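The block underneath contains the structure these notes are about, expressed in C-alpha cells.
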Amino acid sequence: MSPRPDLGPRPRLGYTASLIERAAERRMDAAGLTALENDPGARTYVVGGELVVLNKAADVRDPSRDPLHDPLFTLAQARTLGRTAEIAFLGLIAGVPRFAVALDPAGAEALKTRDDLVVTDLRSIAVRGLVEPDHLPPLAEGKALLNWHLRHRFCPSCGAATNVVDGGWRRDCPACRRQHFPRTDPVAIMLPVAAERCVLGRSHRFQAGMWSCLAGFIEPGETIEDAVRRETREEAGIVCGRVSYFASQPWPFPTSLMIGCHAEALSQEIVIDRTELDDARWFDREEVASMLLRSHPDGLTTPPTVAIAYHIIRAWVEEEVELP
C-alpha cells in the first residue's frame, strides 16, 4: 500500500453549512413578511434565470486572484435593476432578513454591460470564489427556489395561473384549489471501490481530462442504496454490494440534492453505456491522489473542490471510507 498522500487542508463543501435560519413559521404571516421586507437591514440576492447579479468589488488588491464581490442588495436597489417577478423569503441571519428576488432573465443579461456590476452564473461564482463562501448556501437556496417558480407559473392539474403565497414557498391555484410546493430532485452520486482501486467516469460534457464519480437520479420507489447499485451497473456494468453514505450537497442546477456514497465493487469488467458516459475505467489510489493534486503526468483531474464528487473521491484516497 502506498503512503497516504498529503492533500493539504480540506476545503469546504460548496453550498453547505448555511448560516440561514429559515424561520419557516414566519412564511404564513403576510403582515410579518411585509415588516421584514421593510426592515432597514433586510438584504436580497438577485437571480435572473441562470445568472446572479453581484456588486463589483471596488478594491482589487491581488491582481492574481478574482476579487470578492458583494451579492447583497437592498430590496429598493434590486427593483431598480429591471423587471422583477417573485420575491422569496430565505430566512434570517443573526436576526436580519434575507430574500431572493427573481429578475427577468433578459434583464439580467442586459446588466452585463454595467461597469459597477458582475453578472455571471452561480457555478462560476462558486468555482472561482467570487463571493465569500457563506453566501453560497443562501444563493443555492434562492436560485433553486426561484427556478422552481420560473417553471411552475401554471397549475399542472388544470392549467390556471397560480399565485405565490407563504413568502415564496408555495403556489396556490385559484381555479382548482390545489397547493403546489417546491420540489427537490434526489441524485445518487457514488464512487465504486475495490481495495486500492476505484471506478471513475467521464461525461460527454466534461472538460478534457476531467474524471468524476458516477451519478444518476433516484427513481420513485427506490432506496438510495438501490439507486447506487442500479446506476453503477447501468452506466459502467459494475455490480456493487455494500453502500456507505458519505454526505449530501444541495446542487441548484436547477434543483437537485446530491447524495454522496461509496459502494463496494463486486465485479471488475467495465461495460460502458455510451449514451450516459464518454468513458469509464479503474484508477489506483496513487493515480487519483495525483489527480486531486493537479499533478497527474497526463493532466488528468477531478472536479473542483466546490463539488461533492471531489470530497467523495478524496475521502477514499485518504482511506476514510468504511463500508458497512
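The values are calculated or read from the model by the stated rules, or taken from the named source; none is laboratory data. The shown structure was predicted, so the numbers you read here are calculated from the model rather than taken from an experiment. For neighbour counting, all protein chains shown are included, and Cβ atoms are generated from backbone atoms with ideal geometry for every residue, glycine included. These accessible areas exclude ligands, DNA and RNA; they are computed on the full protein's heavy atoms, side chains included. Shrake-Rupley method; radii C 1.70, N 1.55, O 1.52, S 1.80 Å.
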(message) Only one of A307, A265 is buried (at least 19 other Cβ atoms within 10 Å of the Cβ) and closer than 20 Å to G8 by Cα. Can you tell me which?
(response) A307
(message) Among the residues of the stretch 287-294, are any open to solvent by 30 Å² or more (accessible area, probe 1.4 Å), under 23 Å from A195 (Cβ atoms), aliphatic (A, V, I, L, M) and in a loop (DSSP other than H, G, I, E, B)?
(response) yes
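Does G260 satisfy the condition of being on the phi > 0 side of the Ramachandran plot and crowded, with 16+ Cβ neighbours inside 10 Å? It would help to see each step written out before you state the result.
On the way: on the phi > 0 side of the Ramachandran plot: no; crowded, with 16+ Cβ neighbours inside 10 Å: yes.
No.
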(message) Being in a strand (DSSP E or B) and either without any contact (Cβ under 8 Å) to a residue 40 or more places away in the chain or open to solvent by 20 Å² or more (accessible area, probe 1.4 Å) (or both): is that true of F206 here?
(response) no
(request) Hey, can you tell me all the residues within the stretch 153-171 that are on the phi < 0 side of the Ramachandran plot and buried (at least 16 other Cβ atoms within 10 Å of the Cβ)? (result) C155, T162, V164, W169, R170, R171
(message) Condition (residue is outside any loop (DSSP other than H, G, I, E, B), surrounded by fewer than 17 Cβ atoms within 10 Å (Cβ to Cβ), free of Cβ contacts under 8 Å to residues at least 60 places away in the same chain and aliphatic (A, V, I, L, M)) applied to the stretch 174-181: is it met by at least one residue?
(response) no
(message) For the list (1) at negative phi; (2) in contact with a Phe, Trp or Tyr (Cβ under 9 Å, 6 or more places away or on another chain), I need the number of the one condition that A35 fails.
(response) (2)
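Quick one: which residue in I238, I313 is outside any loop (DSSP other than H, G, I, E, B) and in contact with a Ser or Thr (Cβ under 7 Å, 6 or more places away or on another chain)?
On the way: I238 fails: outside any loop (DSSP other than H, G, I, E, B).
When all the criteria are applied, what remains is I313.
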(request) Determine which member of the set R281, R230 is farther than 30 Å from G129 by Cβ, part of a strand (DSSP E or B) and of a type outside the set (F, W, Y). (result) R281
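Considering only the stretch 228-240, state which residues are touching a residue at least 40 places away in the same chain (Cβ under 8 Å) and in contact with a strand residue (DSSP E or B) (Cβ under 6 Å, 6 or more places away or on another chain).
V228, E231, T232, E235, A236, I238, C240
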(request) Residue by residue through the stretch 228-257, note down the ones that are of a type outside the set (S, T, Y), more than 14 Å from L191 (Cβ to Cβ) and open to solvent by 20 Å² or more (accessible area, probe 1.4 Å). (result) R230, R233, E234, G237, V239, P250, W251, F253, P254, L257
(message) Of everything in the stretch 1-51, what is among the β-branched types (V, I, T) and either touching a residue at least 60 places away in the same chain (Cβ under 8 Å) or closer than 11 Å to G91 by Cα (or both)? Give them in sequence order.
(response) T16, I20, T44, V46, V47
(message) If I go through the stretch 209-227 residue by residue, how many of them are surrounded by 20 or more Cβ atoms within 10 Å (Cβ to Cβ), touching a Leu at 6+ places or on another chain (Cβ under 9 Å) and not in a strand (DSSP E or B)?
(response) 2
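Quick one: would you say A247 is out of contact with any Asp or Glu (no Cβ under 9 Å at 6 or more places or on another chain) and part of a strand (DSSP E or B)?
yes
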(request) Would you be able to tell me the number of residues in the stretch 194-203 that are in contact with a strand residue (DSSP E or B) (Cβ under 6 Å, 6 or more places away or on another chain) and either surrounded by fewer than 23 Cβ atoms within 10 Å (Cβ to Cβ) or modelled with pLDDT under 95 (or both)? (result) 4
